[in-house]
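One structure below.
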Amino acid sequence: MRRPARPAPVALADGAIALAFAAAYVALLLATAGDLGYARDEGFYFHAANRYGAWFQALLDAPRAALDPAAVDAAWSVNHEHPGLIKSLFALSNLFLQKRLGLFAMEGTSYRFPAMVLSGAGVALVYLWGTQARDRIAGASAAVLFAMLPRYFYHAHLACFDAPIVTVWALCAYAYWRALRDGGALWPVLTGITFGLALDTKHNSWFLPIVCVAHAIALELRERIVAAAAAADGAPADTRGAPPPQQRRGARRSLAALAAMATIGPLVFYALWPWIWRDTPSRLREYASFHLNHEYYNMEFLGRNYWTPPMPRAYAPVMTAATVPVVTLFLFAAGLCASARERLLYPLARAAARLAPPGGGGALAGARAFAARLRPPAADPGGTALLWFLAIAAVYGAWLSPSTPIFGGTKHWMTAYPFIALFAGAAFSAAVRRARVALRALHRARRGPGARPGAAASARSALDRAARGPLLPALLGAAVFAAPIAETLHAHPWALSSYTPLVGGAPGAATLGLNRSFWGYTTGAVVAYLNEHVPPRGTVYVHDTAAPAWDMLLRDGRLRKDIRGVGAVAGADFALYHHEQHMLGQAYQAWVAFGTTSPDHIAGLDGVPVILVYRNPAR
């Protein structure tokens, strides 16, 4: 019997590196979760997860009774405006890892842990994709740049869906890419499965078919155009820069992946969301209607509060430029331009060159000369750069509509961030290659006939080692990654108040009128003050902090058990005020109720007030 082939050492090494990336990121998230307050939406998902957890326990104890339609609806109707997969993971983590094994010091972390693991898996996936599509330097740099996005780092902590959908969305796109590159039956099936998981994670999974269909159409058009041009030129389709047969097969393989998305995906979605097991069409219509007709919440942008359409079309690009580290944006732009030059400029120049008459002059002749200087792009049956670009364009395209809500800030287009990082990683790898070429040229120059021995020989040897070894990418990486790492760690736990130096950091953004925070999560930053100053059985008006989020701070032991949260400022001992432009009235109420305009405590980022605590002098 023939023994199965062992995985290639490179593949095993890359798997180990990817696991190391994931483990390191999860460890960092766990280490930094202790001072991060609970967002308002987390409180709602805690409640839903508890109901689901009770159903899972009933399923273990009495399966027949738990599967009764009335029992299913009683549990899964809670928070049914969002699919159930990620909340199920929250529930199972709390049920088994916390209640049975007691793995976490704080109960809230048990709900957050699945999202942290998925976020770590997302970083590992970016490494693997960058490595397989380009090289290890590209993969590693893309993983670091993706992990060190301040806003993504914040969301990666939360018991919410925004970071998990980033990973599952990218995983489906990756499986689709592998289906095109490798062929066979496995990767189309995995594309369908991962699409079902994405559907059961969050509604922005609906963009995935748009990306994949557009990509498949583009590949087919590219094949036909190049084949027609080659035929007109009197040459076989495999010559004159046309894609080889393996690359042309990528356009056909996309059909299998798309078919799996259309068939397997909905089945996985249905199987993992018990709420739609009954009255499926009507409940799916209700789910879709909730998001297609979502109510508008308030959000400040450039000094103006928006809460009804028309929304500013510049919101997504401006907020991306203001919150993504500048070096990441620069590398992304460089990687995108390089890919466009390689994948778009070459075929256009070839097409223009074919139109130029032999021996003629003018612009067409210049195009012929220009095309002769360009190298044909390497075979790419997966249409990698095109897929990365379409994944970004489809997500950001939604914000071209003035009716698209902006209340969620950057989290609504975070599914584009892995692909931005992949382009950036490819650019960094190209920069390392160019630096190595420059060092080798300098090394050869110093080896000339006039070179002297001794110190010169030592310098030449050092140049050669730097050009060939890991020192050069390490030094360049340290220079490139220092700013994103510093910005991300410095912003914690105020990441929704974090802005890059491009807009003057948090102070500059406040001056420009960009939103400082939302979700009421910054209560976690003032628990030490409250524990010290609130009298026994004292009351605190919690303002924008959801009641379940406040209760979790109590259950975690972060807040004293005797401190009571209340829903009205009148009569409270202390009042929280989470600054947002549309909430200024809450501050005025505290001034009137307490007879003072001076907060007793202010907390925020880089001198920008984000949460203020007012103290009632009469109490």
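The values are calculated or read from the model by the stated rules, or taken from the named source; none is laboratory data. Since the structure is predicted, the reported quantities are computational estimates derived from the model, not experimental observations. Neighbour counts run over all protein chains shown; Cβ positions are idealised from the backbone, glycine included. Please note that ligands, DNA and RNA were not included when accessible areas were found on the heavy atoms of the full protein model with its side chains. Shrake-Rupley method; radii C 1.70, N 1.55, O 1.52, S 1.80 Å.
Tabulated data
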| quantity | calculated |
| --- | --- |
| Percent breakdown of C-alpha pair distances by 10 Å bin, ordered from the shortest bin, for the stretch 486-553 | 18, 39, 28, 13, 1 |
| Highest average packing first - 75-88, 14-27, Cβ atoms within 10 Å | 75-88, 14-27 |
| Two-site FRET efficiency, ALA321 against ARG537, from Cβ-Cβ distance with R₀ of 45 Å, rounded to 0.05 | 0.40 |
| Accessible surface of GLU342 - all protein chains present, 1.4 Å probe, nearest 10 Å² | 80 |
| Inter-site label distance for TYR529 and LEU442 at 7 Å from Cα along Cβ, in nm | 5.1 |
| Pairs of alpha carbons in the stretch 1-124 whose separation is greater than 24 Å (percent) | 43 |
| Hull-based mean projected area of the chain, where the convex hull spans the alpha carbons, in square nanometres | 38.8 |
| At R0 = 30 Å, FRET efficiency that the Cβ-Cβ distance of HIS490 and ALA568 yields, to 0.05 | 0.25 |
| Between helix 346-355 and the chain: long-axis angle, C-alpha atoms, 0 to 90°, nearest 10 | 40 |
| FRET E, pair TRP307, SER401, Förster distance 22 Å, beta-carbon r, rounded to 0.05 | 0.85 |
| Solvent-accessible area per residue, Å², over the chain with all protein chains present [probe radius 1.4 Å] | 43 |
| Protein accessible area in the chain, 1.4 Å probe - carbon and sulfur % | 65 |
| Net length gained if the chain between VAL213 and VAL189 were fully extended (0.36 nm per residue, minus Cα distance) | 7.0 nm |
| With Cα atoms, 0 to 90° folded angle of helix 186-199 axis to the chain main axis | 30 |
| THR596 paired with ARG341, simple spin-label distance in nm, labels 7 Å along Cα-to-beta-carbon | 6.2 |
| The chain: angle of helix 107-133 to the longest principal axis, Cα-based, in degrees nearest 10 | 10 |
| Kirkwood hydrodynamic radius of the stretch 57-213, Cα pairs, Å | 17.3 |
